[in-house]
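The values are calculated or read from the model by the stated rules, or taken from the named source; none is laboratory data. Just so you know, these numbers come straight off a predicted model, no measurement behind them. Reconstructed Cβ throughout: ideal geometry from the backbone, glycine too, with neighbour counts over all protein chains shown.
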2 protein chains.
Amino acid sequence: MPKPTAHFRCFRGCAGAWPLTQAIYRCPTCDGLLEVAHDRAALAQTSADEWRARFDARWSPTAREIPMPSGVWSKREWVAPEVPDDCIVSTGEGMTALYPAKLLAKQSGIRELYVKQCGTTHTGSFKDLGMTVLVSVVNQAVRQGSLKVRAIACASTGDTSAALAAYGAAAGLPVVVLLPRGMVSVGQLVQPLAHGARVLALDTDFDGCMRIVRELAARGLVYLANSMNPLRIEGQKTVAIEIAQQLGWQAPDWVVIPSGNLGNAAALYAGFAMARDLGLVDRLPRLCVAQAANADPMYRAFMKGQTEVTPVVAKATQASAIRIGNPVSAPRAMAALKAMNGVVEEATEQELADACAKADRTGLYACPHTGVGLACAMKLRARGVIAESERVVVVSTASALKFTEFKLGYHEKKLPEVDSTLANEPIALPADVETVVQHLPP
Amino acid sequence: MPKPTAHFRCFRGCAGAWPLTQAIYRCPTCDGLLEVAHDRAALAQTSADEWRARFDARWSPTAREIPMPSGVWSKREWVAPEVPDDCIVSTGEGMTALYPAKLLAKQSGIRELYVKQCGTTHTGSFKDLGMTVLVSVVNQAVRQGSLKVRAIACASTGDTSAALAAYGAAAGLPVVVLLPRGMVSVGQLVQPLAHGARVLALDTDFDGCMRIVRELAARGLVYLANSMNPLRIEGQKTVAIEIAQQLGWQAPDWVVIPSGNLGNAAALYAGFAMARDLGLVDRLPRLCVAQAANADPMYRAFMKGQTEVTPVVAKATQASAIRIGNPVSAPRAMAALKAMNGVVEEATEQELADACAKADRTGLYACPHTGVGLACAMKLRARGVIAESERVVVVSTASALKFTEFKLGYHEKKLPEVDSTLANEPIALPADVETVVQHLPP
């Protein structure tokens, strides 16, 4: 087959095409978002059966046609087809479990409920999937001499900076993280610090950091790794392909994803659409974008039937990574909702905390964002939007090991806006066998 | 082929055989450890090539011959061959990345250095591997009516209780955790609490908790899940089989494992020995048992040429999970050392912290125990025990996301006994582009 290629183009359709190794982040004509366009004709010369067989064969303990086993690079022709082997920076991301949540399904009246465990990964969040692509492409551009920057940079207070710093360190490329001074705990910074990133704490808010990092990128001093960069979506879309693959190349009926900046919702659409267009699955699932009620601009737009998102001031939520009032990828997510017959649902602090507590008691260990996703799935089921017979996948976006304070707060009954009805506390007893016997379960 | 079977027998060779579903933890004759014996003749009727092909085929997005993809249950005939599908309690454990630590290898003068990422898993530690077997066998025994207990129980302050609570919750089986009151932070308890385990905090020390849980087990009130239970070794030994599989069915030259209670060292031997005996690999790797210098009874015995371990009082170490002065599985580990031409090495607090900091700067994110393993590998290389040309695998036993305090302590220069030479701290700056430019990397 002809070697597949890909390039940047304007998401809204303005003219122009740019190589993936070029440092370009917005359409020069309309200043809108970019997307990655693949040479579908070249990809279509390989049959659906051949793609399925190839992707299945690469899900393997020993990598074939890829430098190391990876959920992202096992789909390399669909992701970033022109990155040479020796430029790939991988931690073995992806290939996470599709956990059949049988007890929780029964409790929720859903026949089949799966949790896609994207947080069980190198840096503990789904951001690894996009960052392996971004850092590998930068690595390629730097080695080819087409890109000269002093660092890869992002404005971030959480998982994005952790993933960028880890992949940058693995590549030996310098990383700079900008964040608002005093608004982020050192605990949230420990991953980028440990990975040796240069962490600059600025006297401004998050938007101020974003303005400065964009200015540095515009001057060509840094390469911009924030989520407007469409390379990250190319990696994240492999979640959709993996879900279909893990279901034996079938789309589920529903996929529910907690989303703030909305890039991951757009990525799910990109992945499922490509799998359908190339014949690997026969349809798209329905999409539920799950938002925290305290940061719900997409939900508001959806309820009003609007096609554009009006920014809101996001309030504090335990689901801190989706506390976003003005989502960068809103236009992308609107297109996804439309194509996937999607809905937007929201979960209050009480609902997300209850969903986590219920899930944890069935053996899951849900981060607050996953709680938002699970709560929204349960609400849609209770309202009959999701039918009893449907197969539902909730995407878990981060490891709950990053959210010990949230778990403790719940079980110590200290979370704001939350009544901890499922709290579990230690029972203090004397060290006496007979007393302990009396406190065993019946 | 005849259906493979397995049973408990005395590790020292006393007469007797008991089914895996029986609640028996010590040899009734000598009170020593038990082990699981497999019907090697039945297993040997399948050729090495067939086993390799079968294990490779099961490393797959869609489970074949197993209820769901799992590193442990994909080797089910070698692990617990008589557990029916519907009794298996799995979270998709195992199949973790064998990360090629290229930058760290170069810095350490080792040609090939891999980190087996056992912490990138459901509950964040390698304990999942053993616990899926133990809870599945209990589930089988309970369903068959051969076991009636009020709970599965362990005395534990950390990863064991987290894994037991998660798998118990997934099975719908009650779990009890005993721990010394006031000696464990609530943060360490949050996983078992979230999973709904009954956590009993007793007015005694860890040994006192252990005595009580053993008494409860002796009375038949609880099933004992602590590491003297050899079912856990059967699950953990799949780490060895996976490492060989990920290297294309070759044993590495060295495998380095941080170890306190020494069950995991014994498990590595069990796995590699079985793979060699059945022809899947042609030799055993050499073993390095890596201990914290503050809790090093095995190291002391090794240096003195003793074949028995004399208990020590373990001092505080950042590698808290291997802070064990009187290791339960010492006899098992001694046999492993002998058979694998093994060595014991130790790492001080400074050495383990430095190893973590170096590793993190190359993209890894190492927990303190993994730091012990990495430090010992580097020391053996520096002394020439490990040759430059050798292929070394260090087993990472837990997710560093569980050790935020350790990472913070290092980078804030607050760890006892440690000089934080690689500390990285945020740089506070005004929100001014030109100032930020001056602080970019060169």
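Looking across segment B:68-82 at every residue that is at the interface with chain A (Cβ under 10 Å from one of its Cβ atoms) and of a type outside the set (Ser, Thr, Tyr), the one that is surrounded by the most Cβ atoms within 10 Å (Cβ to Cβ) is identified as B:GLY71. Residues in segment B:386-431 that are within 9 Å of chain A (Cβ to nearest Cβ), assigned to a loop (DSSP other than H, G, I, E, B) and either small (Gly, Ala, Ser) or in contact with a helix residue (DSSP H, G or I) (Cβ under 8 Å, 6 or more places away or on another chain) (or both): B:GLU412, B:LEU422, B:ALA423, B:ASN424, B:GLU425, B:PRO426, B:ALA431.
What about A:GLU351, is it away from chain B (no Cβ under 13 Å) and more than 24 Å from the chain's Cα centre (by Cα)?
no
Restricting attention to segment A:3-18, does a residue exist that is touching a Leu at 6+ places or on another chain (Cβ under 6 Å), within 28 Å of B:THR120 (Cα to Cα) and in contact (Cβ under 8 Å) with a residue 24 or more places away in the chain? Taking every residue of segment A:3-18 in turn, none turns out to be touching a Leu at 6+ places or on another chain (Cβ under 6 Å), within 28 Å of B:THR120 (Cα to Cα) and in contact (Cβ under 8 Å) with a residue 24 or more places away in the chain. Of everything listed in (1) crowded, with 24+ Cβ neighbours inside 10 Å; (2) more than 12 Å from chain B (Cβ to nearest Cβ), the single unmet condition for A:ILE152 is (2).
Would you mind stating whether B:THR132 is farther than 27 Å from B:THR204 by Cα, among the hydroxyl-bearing types (Ser, Thr, Tyr) and part of a helix (DSSP H, G or I)? Yes: the conditions hold for B:THR132.
Residues of segment A:274-322 being among the basic types (Lys, Arg) and part of a helix (DSSP H, G or I), which ones? Break it down into steps so the answer makes sense when it comes.
Looking only at segment A:274-322, we keep the residues that are among the basic types (Lys, Arg), and these are A:276, A:283, A:286, A:300, A:304, A:315.
Listed by number, the residues that qualify are A:ARG276, A:ARG300.
Out of segment A:83-95, which residues are surrounded by fewer than 23 Cβ atoms within 10 Å (Cβ to Cβ) and either more than 13 Å from A:GLY235 (Cβ to Cβ) or not hydrophobic (A, V, I, L, M, F, W, C) (or both)? Can you show your working first?
Quick first cut of segment A:83-95, residues surrounded by fewer than 23 Cβ atoms within 10 Å (Cβ to Cβ) only: A:83-87.
Selection gives A:PRO84, A:ASP85, A:ASP86, A:CYS87.
If we scan segment B:87-94, do we find a residue that is more than 9 Å from chain A (Cβ to nearest Cβ) and either more than 24 Å from the chain's Cα centre (by Cα) or closer than 30 Å to B:ILE212 by Cβ (or both)? Taking every residue of segment B:87-94 in turn, at least one turns out to be more than 9 Å from chain A (Cβ to nearest Cβ) and either more than 24 Å from the chain's Cα centre (by Cα) or closer than 30 Å to B:ILE212 by Cβ (or both). Between B:LEU287, B:LEU268, B:LEU247, the distinction of being touching a Gly at 6+ places or on another chain (Cβ under 6 Å), closer than 16 Å to B:VAL115 by Cα and either within 14 Å of chain A (Cβ to nearest Cβ) or buried (at least 24 other Cβ atoms within 10 Å of the Cβ) (or both) belongs to B:LEU287 only.
Taking segment B:161-187 as the range and being at pLDDT 95 or above, over 18 Å from B:ALA218 (Cα atoms) and outside any loop (DSSP other than H, G, I, E, B) as the test, the residues that pass are B:SER161, B:ALA162, B:ALA163, B:LEU164, B:ALA165, B:ALA166, B:TYR167, B:GLY168, B:ALA169, B:ALA170, B:ALA171. Of all the numbered requirements in (1) under 14 Å from A:LEU262 (Cα atoms); (2) in contact with a strand residue (DSSP E or B) (Cβ under 8 Å, 6 or more places away or on another chain), A:GLU308 misses one, and that requirement is (2). Applying a threshold of 8 Å to beta carbon distances and a minimum spacing of six or more residues, or different chains, the list of pairs starting in segment A:186-211 at a residue that is facing chain B (nearest Cβ under 7 Å) and at positive phi and ending at one that is among the acidic types (Asp, Glu) and in a helix (DSSP H, G or I) reads A:GLY196/B:ASP360. Taken as a whole, the structure leaves A:GLY220 outside the set of residues that are at the interface with another protein chain (Cβ under 7 Å from one of its Cβ atoms) and assigned to a loop (DSSP other than H, G, I, E, B).
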